[in-house]
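*Asks:* Below: one structure in structure tokens.
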Amino acid sequence: MKGYEAVIGLEIHVELKTASKIFCSSSAHFGAEPNANICPVCLGLPGVLPVLNKRVVEYGIRAALALNCEVARFSKFDRKNYYYPDLPKNYQISQYDLPLAQHGYLEIDTGNGRKRIGITRVHMEEDAGKLVHQGTVTTTPYSLVDYNRTGVPLLEIVSEPDMRSPEEARAYAEKLRSIIQFTGISDCKMEEGSLRVDANVSVRPAGSQGFGVKTEIKNVNSFRALARALAYEIERQISVLEEGGRIVQETRTWDEGKGVTLSLRSKEEAHDYRYFPEPDLPPLVISREWVEEIRRTLPELPDARRERYMKEYGLPAYDAGVLTTTREIGDYFESCVRLYPRPKTVSNWVMGELARLLNATNTEITASPVKPEQLATLLKLIDDGTISGKIAKTVFEEMFNTGKDPQAVVEEQGLVQITDAAALKAVVEKVIAANPKVVADFKQGKDKALGFLVGQVMKETRGKANPQLVNRLLKESIANSDN
Amino acid sequence: MITREDVEHVALLARLELSEEEKQVYTEQLGKILEYASVLNELDTEDVPPLAHVLPLQNIFRADEVKAHLDPETVLKHAPDREGKHFRVPRLV
């Protein structure tokens, strides 16, 4: 992308974790039988009246405050007209010119330090139903519709076009997910569709101020896919321009399998949503008292927690960042540190072995078979010399697979560390006898040779020997053999 | 006022198929309606804030509670087409 600069803005939809839908009393829960959670209002039957769910506004304000937005004093809903069978009314109730909140920001970490990304607006709207196609939308003979999701509350969060690379876009989306997830208003699960990302991207000559023609990318189902789709699209736009072509403003879909973006609409279909004020819903007047009341319910947010981890626990910025990706990871870490107050050691285990096994088994940290108390106990067993650090990993894996306490695993498998010099002496002698060449190297000053001998002793004892003790015994035995 | 292209555009958005005669009729009729309403443009609205709602109401909420759903079978029975528990619709694009 030599000589060019990308300009990226993201529109992120999050589904709110309310019990009922935004304008009716149907259940908003995911996973019911098709068309089980429907009523006359969300089906758009004639003569029905939508009534706003108060919790949606509370959640919206909570998100707006967490994203440093100004909450509107006066806000209203509008009808966005479009003809598609996922919305039976033929319009979506959304917000147009007077959204719930505007002018916010969040901060991301880039290679060049922190960067502030502006948030243009946060507004409330209803979700559409789910369409099921046979194959793709363009080749299916017909489609099936499930209206359970119709009317589930959504927040649409629109960023400023402040991102300049796929990595920045990904960092923004991940940070936004962390913040929203911390506020407890949404599960923010991309794979279940409770967080969806659409990206607007254009390119321009590096250093210029104007904007190029943008395209919108849909259908990115993971943060990784977002970065890949943007990287592809940026290269595609540059190639078109380099060959003397023009970018067409259009919606493109990301094809994960092929790793390309494809034009979703062959001809330019001018969107004409004909927004107008929703006559069925009276406007909102949001008092500052209400806003402050909601502000007091805000939990500690990711940035504040990250700072605290660095200050209070002396963790490096990287560790503090990883541990505050979700509230649950931080909670796990803190529970463990309360019982075993060496934060960096706990951090290494949570980001290392625990994260590895959770990922490999696709397990949420809240469902981890190893509880924070058990990890703390394991770490104490290393400190008091019961087991070696190396064996601890084996014990941890067994704990993870069985849910057993560390003491039980250590006893059952006979993994107690050998700290008895007499018991190790024989193995040490045996290793020295079997490796005369290495011993000679060590005597000639090759310190590395000792490491090899230690390794051999550890192997003979299946990792149970105390390494410091082995070190000492080897040196002593070799020195004695000289006399 | 209203052109034939306007009528074709609105018809497309509403997924209506109009004959040539109908386009002619609606161009005239919609034009007359707009002309009738245009009398409002004579009012000076410089200092009048836009009206968000005609009723003097605000902050009408319901509590976040789940109540009875419709029986899916009853609803699907009235649909033009169905497949199992889904509504079935023609291809979209």
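*Asks:* Counting other C-beta atoms within 10 Å, which of A:SER287, A:SER347, A:SER388, A:SER335 has the fewest, and how do the rest follow?
*Replies:* Ascending Cβ contact count within 10 Å gives the list A:SER287, A:SER335, A:SER347, A:SER388.
*Asks:* Counting pairs of Cα atoms in chain A, how many percent are more than 29 Å apart? Numbers along the way, then the final one.
*Replies:* Numbers: 72545 of 116403 pairs.
Percentage above 29 Å: 62.
*Asks:* Now, a different point. Using just the helices of the protein assembly as shown, give the 222 nm mean residue ellipticity in deg cm²/dmol: DSSP H runs with n ≥ 4 each add -39,500 (n - 2.57), and the total is spread over all residues, rounded to 500.
*Replies:* Counting only the DSSP helices, I get -12000 deg cm²/dmol.
*Asks:* Determine ³J(HN,Hα), in whole Hz, for all residues of region B:58-74 in sequence, where each value follows from phi through the Karplus function 6.51 cos²θ - 1.76 cosθ + 1.60 and θ = phi - 60°; x replaces Gly and Pro.
*Replies:* 7, 6, 8, 10, 10, 6, 7, 10, 8, 10, 4, 9, 6, 6, x, 4, 4
*Asks:* Please report the net charge: other residues with Cβ closer than 11 Å to the Cβ of A:LYS189, K and R +1, D and E -1.
*Replies:* With Lys, Arg at +1 and Asp, Glu at -1, the neighbours total -2.
*Asks:* Next question. For chain B, what class follows from the C-alpha gyration tensor (a ≥ b ≥ c being the square roots of its eigenvalues): rounded when a/c is under 1.5, otherwise prolate if a/b is larger than b/c, else oblate? Display every interim value, and only then the final one.
*Replies:* Details: a/c = 3.76, a/b = 1.25, b/c = 3.00.
Note, shape of chain B comes out oblate.
*Asks:* Over region A:361-483, what is the mean sequence separation of C-alpha contacts under 8 Å (at least six apart), divided by residue count, expressed as relative contact order in percent?
*Replies:* 25 percent
*Asks:* May I ask you to list the lysines whose Cα is less than 25 Å away from that of B:LYS32, ignoring any residue fewer than eight positions away on the same chain?
*Replies:* Output for B:LYS32: B:LYS23.
*Asks:* What list do you get for A:MET310, B:MET1 if you sort them by fewest beta carbons within 10 Å?
*Replies:* B:MET1, A:MET310
*Asks:* So, how do all the Cα-to-Cα distances of region A:11-168 break down into 10 Å bins, in percent, from 0 on up?
*Replies:* Distribution as computed: 10, 34, 30, 20, 6, 0 percent.
*Asks:* Set the Förster distance to 60 Å, then compute FRET efficiency between A:TYR318 and B:LEU16 from the Cβ-Cβ distance, nearest 0.05.
*Replies:* So, using R0 = 60 Å, E works out to roughly 0.50.
*Asks:* Mind checking which aspartates and glutamates have their C-alpha under 20 Å from A:LYS446, skipping anything on the same chain fewer than 8 residues away?
*Replies:* The qualifying aspartates and glutamates are A:GLU429, A:GLU476, A:ASP482.
*Asks:* Under 1.5 on a/c is rounded, so check that first for region A:159-293, then, if it is not, pick prolate when a/b is larger than b/c and oblate when it is not; a ≥ b ≥ c are the square roots of the alpha carbon gyration tensor eigenvalues. Could the numbers behind the result be given before it?
*Replies:* Details: a/c = 1.87, a/b = 1.52, b/c = 1.24.
Prolate.
*Asks:* Let me ask something else. As a quick test, which of the pairs A:LYS21/A:LYS371; A:LYS54/A:LYS311; A:LYS89/B:LYS77; A:LYS380/A:LYS443; A:LYS218/B:LYS67 have an alpha carbon distance above 30 angstrom in this structure? All intermediate terms of the calculation are to be shown ahead of the outcome.
*Replies:* Details: A:LYS21/A:LYS371 35 Å; A:LYS54/A:LYS311 39 Å; A:LYS89/B:LYS77 19 Å; A:LYS380/A:LYS443 37 Å; A:LYS218/B:LYS67 34 Å.
Violating the 30 Å Cα-Cα cut-off are A:LYS21/A:LYS371; A:LYS54/A:LYS311; A:LYS380/A:LYS443; A:LYS218/B:LYS67.
*Asks:* If contacts are Cα pairs under 8 angstrom and at least 6 residues apart, what is the relative contact order of region A:421-481 in percent?
*Replies:* Once normalised by length, the contact order is 41 percent.
*Asks:* Further question: Which of the lysines could a cross-linker span from A:LYS2 if the Cα-Cα distance has to be under 22 Å and same-chain partners fewer than 8 positions apart are dropped?
*Replies:* A:LYS214
*Asks:* Hey, what's the Kirkwood Rh for region A:421-481 if you take every pair of different alpha carbons, in angstrom?
*Replies:* 11.2 Å
*Asks:* May I pose another question? Residue by residue, what Karplus-based ³J(HN,Hα) values in Hz, rounded to whole numbers, does region A:391-404 have, using 6.51, -1.76 and 1.60 with θ = phi - 60° and x for Gly and Pro?
*Replies:* Ordered by residue, 3J(HN,Hα) equals 5, 4, 5, 5, 4, 4, 4, 5, 4, 5, 6, 10, x, 6 Hz.
*Asks:* Over chain A, calculate the relative contact order: mean separation of alpha carbon pairs under 8 Å at least 6 apart, over the residue count, as a percent.
*Replies:* After rounding, I find 14 percent.
*Asks:* Residues with amide H under 5 Å of A:ASP280's amide H, sequence separation 5 or more or different chain, H placed in the peptide plane at 1.01 Å from N; which?
*Replies:* none
Values in this text are rule-based calculations from the coordinates and carry no lab data. Source: prediction; values computed, not measured. Because the Cβ atoms are built from the backbone with ideal geometry, glycine has one as well, and the counts that use them run over all protein chains shown.
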